[in-house]
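We did not get these values from a lab; they are worked out from the coordinates using the rules stated. What you are looking at is a predicted structure, and each value in this text was computed from that prediction instead of being measured. Here the Cβ is made from the backbone with ideal geometry for all residues, glycine too, and neighbour counts use every protein chain on show.
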Amino acid sequence: MNLFTKGGVLVKISLGIITKHFNSLEPIDEFLANALKYNHKIYSVIIVYSHSCDYQLIDSLKEKVKVFAVQINKAQQMIAQQRRMGVSLESIKALLDCPTLEKYGVVPYGQYRNYVVIQALLSGSEGLVFVDT
């Protein structure tokens with residue numbers, strides 16, 4: 001039995017990863033292997049990072065699953081997509097701007113979560129599981 005179904009149809013489940021530095025596939029690879037073992041299809045992995053990202057790891061992950069990598073305060077594609085939907089710049093700024101990153105080098109946890117949730121909604125995800133790194 002697949003727990004990720006709605007009326008017998010698979011739900012698009014995404015994994016949300018929050019990190020300062022994306023420099024390892026752990027624990028993502030374990031989650032993907034476990035999902036495969038139990039016949040659960042993962043729709044995408046959403047990685048929100050603030051400081052650095054190893055894009056070779058992103059490329060290797062893309063061989064297994066759809067991947068969205070989004071950097072805090074540098075999400076022009078996400079902003080453009082919301083603007084096309086009619087969301088005001090003021091509203092986008094309220095949800096996504098993080099002045100503490102430039103000023104202090106830190107991002108509040110809720111800010112990371114905003115990015116993951118918005119990317120999940122924009123990408124068509126129907127369910128979201130946060131994975132701690």
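Could you work out how much longer the chain between K37 and K93 gets when fully extended? Use 0.36 nm per residue separation minus the Cα distance between them, nm to one decimal.
Full extension from K37 to K93 adds 16.1 nm.
For I72, list long-range residues whose amide hydrogen, built 1.01 Å from N in the peptide plane, is under 5 Å from its own amide hydrogen.
Y49, S50
From zero up to wherever the largest Cα-Cα distance of the chain sits, split into 10 Å bins and tell me the percent of pairs in each.
Using 10 Å bins, I get a P(r) of 12, 42, 33, 13, 1 for the chain.
Most fluctuating residue of N39, N73, N114 in a GNM of the chain with Cα springs under 10 Å: which is it?
Maximum among the listed residues: N39.
With Cβ to Cβ distances under 14 Å as the rule, what net charge do the other residues near Q77 carry (K, R +1; D, E -1)?
So the environment of Q77 carries a net charge of +3.
Which of the DSSP-defined H helices in the chain satisfy a minimum axial length of 27 Å, computed from C-alpha atoms, and a minimum mean Kyte-Doolittle hydropathy of -0.5?
Counting only whole DSSP H runs, no helix qualifies.
What's the extension gain from D29 to I79 if we count 0.36 nm per residue and subtract their Cα-Cα distance?
Roughly 15.1 nm would be gained on extension.
Could you tell me the number of lysine pairs in the chain with C-alpha atoms less than 18 Å from each other, where the two lysines are 8 or more residues apart or belong to different chains?
So the count of such lysine pairs works out to 15.
Sort out for me the Cα centre separation of the stretch 8-77 from the stretch 83-133, rounded to whole Å.
Going from one Cα centre to the other spans 16 Å.
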